[in-house]
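A quick write-up on the structure given underneath.
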Amino acid sequence: MAQWEPKIVAFLCNWCSYGAADLAGVSRMEYPPNIRVIRIPCTGRMSPKFALAALREGADGVWVSG
Amino acid sequence: MGVEPGRVHFSWISSAESTKFVEVVKQVTEAVRQLGPNENFVKKELKVA
Amino acid sequence: MGAYTDKIREIAGRLLKDCQVEMVIGFRKGSMPMMNEPCFVTRADAVDQLVWDGSCGINLANYLTGRTEARIGVVAKGCDSRNIVTHIIENKIKREQLTIIGVPCTGMIDKRRLKNLAPGEVLAVEEDGERVVVRGDGFETVHQRREVLQANCAVCHHRNPVIHDELVGDPVSEQTEVDRYADVRAIEGLSAKEKWDYFEALLAPCLRCYACRNACPLCYCPTCFVDEAMPQWVGKSQNPVDVRTFHFLRAYHCAGRCTDCGSCERACPVGINMRLFTKKLEKDAYEMWGWEAGLSLEQRPPLDTYRPEDPEPFIK
């Protein structure tokens, strides 16, 4: 296996961090390509089930951002 | 419970804070990279080499 | 103990005769020693089956979920009463529906430990104040009550019911000197790897029978997450990852609600101490928000309120 890269599942709030991610993209900022974004309607939609499901499916990290 | 503290992160970023977003992505990636692959919560027989 | 039984019968008989309640939920002798079972008494002439002793460890709040009877009498020790408060806060029952027969509790007997100490099959257990007499085929042993208490009762500090309409005896003195969280602190001191291995060993015998979930008064979801199929969160197998996911998530569902009544551990057929999970969260709730579940009807639980001073160092 080549250099191991972590896979991180990011749960981003539609109105906050998802917007920030969008802005970062529009502004052509560079950031590590290790995150896989899942958009949630609000951080209140987050459930411990999601974090566990991500880890069970093989994610190396979970990031929740409002 | 045996899940390393650095595996799960929480943050609070406004939609205008793209610089903070980039910062936090870097921090989170680095923290998880330090910990190495997640072995614990993955079923052993399902794991592909 | 006998005095409690008489008093419970007297109160239950009076409530039923005066039609103040439609039924009384209490305990009767089980078919095996130390296995008292819940019973629902609806007639005043049937109250003589009600008993009280050190084997009434089942949490009766579990039988109140969503009940529609207008008036229910329920026998409650300290932890039951705290779970009844939690039920009222979570709209699972109304205070007006309940007549709570409070029992100041001196702790429940650990049936597993008593069985292990006995040289043969236990046929009868009698309690006499601080003495617990165990009889079996050809032996009779005497134990001190405090030495054979359930682990959660030994560190309990809410023995008296927090709400009640009747009380069957004078309040007992609370244990203020106990160190509630010694076992949790010992685990907190371990590294992540050691913790993982510790819980791997702890949960290894689990059969996924869900007795802990069924005995728990907090586990009243119409469909438990383990039974959900779309999406399926947890496999149905005894794979250690599935077992771990079940216990892990069940514990989190009890965060800020668990009263450490010990029903889960008592119900477990293989003797897993899953209280270690819920107790850690109970400790966190106490340390972060000064919260102990089920003490007040007025205060909202910390996990459904926001306060500016809530700790948030984990948020970047």
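Just so it is clear, none of the values below were taken in a lab; they were calculated from the coordinates. Predicted model, so just to flag it, every value in this text is computed and none were measured. Note that we place each Cβ from the backbone using ideal geometry, even for glycine, and neighbour counts take in every protein chain shown.
Brief remarks on what is shown
- Highest-fluctuation residue, C:PRO33, C:PRO301, C:PRO231 considered, GNM on chain C with Cα pairs under 10 Å: C:PRO231
- Taking the helices alone, the protein assembly as shown has a mean residue ellipticity at 222 nm of -9000 deg cm²/dmol, built from -39,500 (n - 2.57) per DSSP H run of at least 4 residues and averaged over all its residues.
- On Cα atoms only, tilt of B:18-35 relative to the major axis of chain B in degrees: 20 degrees
- Each of C:ASP18 and C:GLU177 was given a label point 7 Å from its Cα along the Cα-to-Cβ line. The distance between the two points is 4.1 nm.
- Among the cysteines of the protein assembly as shown, A:CYS42, C:CYS19, C:CYS39, C:CYS56, C:CYS105, C:CYS153, C:CYS156, C:CYS206, C:CYS209, C:CYS221, C:CYS224, C:CYS268 have no other cysteine beta carbon within less than 4.7 Å of their own.
- Fraction of antiparallel bridges per DSSP, chain C only, in percent to nearest 5: 65 percent
- Basic side chains Lys and Arg get +1 at the Cβ, acidic Asp and Glu get -1 at the Cβ, and with that the dipole of the protein assembly as shown about its Cα centre reaches some 1080 debye.
- On the principal axes of its alpha-carbon atoms, region C:179-304 has extents of 41, 36, 26 Å, going from largest to smallest.
- Here the dipole of chain C is about 620 debye; that uses its Cα centre as origin and unit charges on the Cβ of Lys and Arg (positive) and Asp and Glu (negative).
- Unsatisfied cross-links (Cα-Cα over 25 Å) in the set B:LYS20/C:LYS283; C:LYS92/C:LYS279; C:LYS17/C:LYS77: B:LYS20/C:LYS283
- Using C-alpha pairs under 8 Å with a sequence gap of at least 6, the mean separation divided by the residue count of chain C gives a relative contact order of 16 percent.
- Peptide A:25-38, shielding by other chains (average Cβ, 10 Å cutoff): 3
- Relative frequency of Cα-Cα separations exceeding 31 Å in the protein assembly as shown, percent: 49 percent
- Links that overshoot a 22 Å alpha carbon limit, given the list A:LYS7/A:LYS49; B:LYS26/C:LYS316; C:LYS29/C:LYS115; C:LYS111/C:LYS193; B:LYS44/C:LYS193; B:LYS43/C:LYS193: C:LYS111/C:LYS193
- Partner shielding of C:190-201 amounts to 3, given as the average count of beta-carbon atoms from other chains within 10 Å of each residue beta-carbon.
- Theoretical gain in end-to-end length, C:PHE40 to C:ASP128 [0.36 nm per residue, Cα-Cα removed]: 29.0 nm
- Debye log10 I(q)/I(0) for chain C, one point scatterer per Cα, at q = 0.06, 0.10, 0.14, 0.16 Å⁻¹: -0.21, -0.61, -1.19, -1.48
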